[in-house]
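Take a look at the structure below.
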Amino acid sequence: MTEVLRATGVTKRFAGIVALNDVTMAIDEGERVGLIGPNGAGKTTFFNCLLGVLPMDGGSVAIAGKDVTGVAAYRRVRAGIGRTFQRIELFPDCTVRDHLLVAERVRRGTGRLWKDMIGLGRPTSAELAQCDQVLGLLGLLDLADEPIERLSLGQGRLVEVGRALMTEPKLLLLDEPSSGLDRSETSALAKTLQEVQREQGFAILLVEHDVELVTSFTERSYVLDFGRLIAEGPTREVMASKEVRDAYLGNF
Ligand code: ATP
């Protein structure tokens, strides 16, 4: 098995708060792994450290065998990591297709968005074909020319997934994809994600409060509490453990 992520001893402090304390995690290609924990446990901070959006105070990160500690975020994306956001981060008046094209250019370009967009000119037929292939996988082809503001939240989340897939990730970080969705929208999203993940073979690290989704979607989970890993193992066993239930104060 090839390792797509090895994070070792990741530590992050914010004035007076230890948000992550010596967090170690390894993920193999094609795995679906959960990262759970109560509010404020450090889950999003961990994502931001893996991506290089936040500098770490200690530890190291390797993506697909390449040490990216201290490396800029866009270079980590090229090494094989992609993400979605808890609150969708899309431009309301830009089309679905434009969001995907921008991501593809950032992957190949200089890492400076304006320069990449101006410098590379109109999309080529190869870019458009790759874009439409990803949109097709996600069932979004009919919406390609729609501005984001015309989409539902669930469709917006799929656009975020599509944008991440354009960079050909080996590991996709999903930050609370069920947030704001009802039960049927959540299961539709999970079904699409599972199909695409099986077909493309990337690994997923899923941050999620929806216990049903984590249990059905992931094979293995890590549990963070106050910035420390308190459990890891097969998701069902982890969810059933007393320590994890106590950390959630009986919330599930
Ligand atoms: P949630 O489930 O509510 O999204 P989380 O597990 O993702 O929570 P984080 O958002 O990573 O938790 O926050 C971890 C801790 O770090 C919290 O105590 C939070 O207040 C603190 N924190 C996060 N970002 C910052 C920041 N930019 N400045 C100061 N403190 C921060």
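The values are calculated or read from the model by the stated rules, or taken from the named source; none is laboratory data. Small disclaimer: the values here were computed from a predicted structure and weren't measured. A quick note on method: Cβ atoms are made from the backbone with ideal geometry, for glycine too, and the neighbour counts reach across all protein chains shown.
Residues in segment 11-27 that are more than 12 Å from the ligand (Cβ to nearest atom) and closer than 24 Å to K170 by Cβ: T24, M25, A26, I27.
Here R97 passes the criteria (1) closer than 24 Å to L206 by Cβ; (2) surrounded by 14 or more Cβ atoms within 10 Å (Cβ to Cβ) except the one numbered (1).
Just one of the listed residues (I81, I148) is in contact with a Ser or Thr (Cβ under 9 Å, 6 or more places away or on another chain), more than 20 Å from G201 (Cβ to Cβ) and either buried (at least 21 other Cβ atoms within 10 Å of the Cβ) or at pLDDT 90 or above (or both), and it is I148. Of the residues making up segment 209-231, not a single one is among the hydroxyl-bearing types (S, T, Y), modelled with pLDDT under 90 and surrounded by fewer than 17 Cβ atoms within 10 Å (Cβ to Cβ). Residues being of a type in the set (A, V, I, L, M) and either within 8 Å of the ligand (Cβ to nearest atom) or surrounded by fewer than 22 Cβ atoms within 10 Å (Cβ to Cβ) (or both) are entirely absent from segment 28-40.
Is segment 101-112 home to any residue that is more than 15 Å from the ligand (Cβ to nearest atom), of a type in the set (D, E, K, R) and in contact with a strand residue (DSSP E or B) (Cβ under 6 Å, 6 or more places away or on another chain)? Scanning segment 101-112, I find no residue that is more than 15 Å from the ligand (Cβ to nearest atom), of a type in the set (D, E, K, R) and in contact with a strand residue (DSSP E or B) (Cβ under 6 Å, 6 or more places away or on another chain), so the answer is no.
When each of Q130, Q197 is tested for being modelled with pLDDT of 90 or more and of a type in the set (S, T, N, Q), the lone residue that passes is Q197. Within segment 50-78, if we keep just the residues that are free of Cβ contacts under 8 Å to residues at least 40 places away in the same chain and part of a helix (DSSP H, G or I), the residue that is nearest to the ligand (Cβ to nearest atom) turns out to be A73.
Screening A203 with (1) in contact with a Leu (Cβ under 9 Å, 6 or more places away or on another chain); (2) over 29 Å from P92 (Cβ atoms); (3) at pLDDT below 95 gives one miss only, at (3). Taken as a whole, the structure leaves A203 outside the set of residues that are aliphatic (A, V, I, L, M), touching a Gly at 6+ places or on another chain (Cβ under 8 Å), over 15 Å from Q86 (Cβ atoms) and surrounded by fewer than 22 Cβ atoms within 10 Å (Cβ to Cβ).
What about Q155, is it within 27 Å of G42 (Cβ to Cβ), assigned to a helix (DSSP H, G or I) and of a type in the set (S, T, N, Q)? Taking the combined requirement at face value, the residue does not satisfy it. Looking for something surrounded by fewer than 21 Cβ atoms within 10 Å (Cβ to Cβ), at pLDDT below 90 and closer than 30 Å to A126 by Cβ - is there at least one such residue anywhere in segment 45-53? No, that holds for no residue.
Checking L181, L206, L193, L189 one by one, the residue that is farther than 19 Å from T2 by Cβ, in contact (Cβ under 8 Å) with a residue 40 or more places away in the chain and in contact with a helix residue (DSSP H, G or I) (Cβ under 8 Å, 6 or more places away or on another chain) is L206 and no other.
Among the residues of segment 172-229, write down those that are within 14 Å of I36 (Cβ to Cβ), part of a helix (DSSP H, G or I) and small (G, A, S). Within segment 172-229, just S216 meets the criteria.
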